[in-house]
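Worksheet for the structure shown next.
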Amino acid sequence: MLVNFRHRWEFYTKFRIDFLTFDWNKSELGQQKQAAKKIIHGSDGVMFIVSTNTEVDPLAIWEIDCAISKGIPITGVDVGKNSEGKIPDKLIEKMTKYGWEWFAMFINKL
C-alpha cells in the first residue's frame, strides 16, 4: 500500500523517496543481513513497518539495531494489526501514525 500510494507524496515534494525491498525468502540469513545493511546505510532515514510479529522477528530487530548503530533517523509505523501493543523496545518513542501526513513529519526532518 505504501508503494502504490507513494505518488501522492512525491507529487507534493521535490525530493525523491525510494521504497527499497528485498526478497528475504530466496536468500540465506547472511545474505539478508548484507543486503539490508547496504540498503540501510545508504538511506537518509528508515521507516519500519510494525506488526504483531515485529518484536520477535530477529531480522527486523537486527535492521533496527543496524540503523541505530549508524545514527540513521528511524520511525516505526503501526499497520493496525499490532493490537497487543508489542512494539520493539527501540521503537517505543519513535512510532508514528499510518498516513502520508504523519510520514511527512518524519520525512521533512531528514
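Computed quantities for the displayed model
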{"quantity": "Any hit, the range 53-75, residues being modelled with pLDDT under 80 and part of a loop (DSSP other than H, G, I, E, B)", "calculated": "no"}
{"quantity": "Residue selected from the range 35-52 under the condition assigned to a helix (DSSP H, G or I) and of a type in the set (Val, Ile, Thr), by the criterion surrounded by the fewest Cβ atoms within 10 Å (Cβ to Cβ)", "calculated": "39"}
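The values are calculated or read from the model by the stated rules, or taken from the named source; none is laboratory data. All of these numbers come straight from a predicted model, not from anything done at the bench. Positions of Cβ are backbone-derived with ideal geometry, glycine not excepted, and every protein chain shown enters the neighbour counts.
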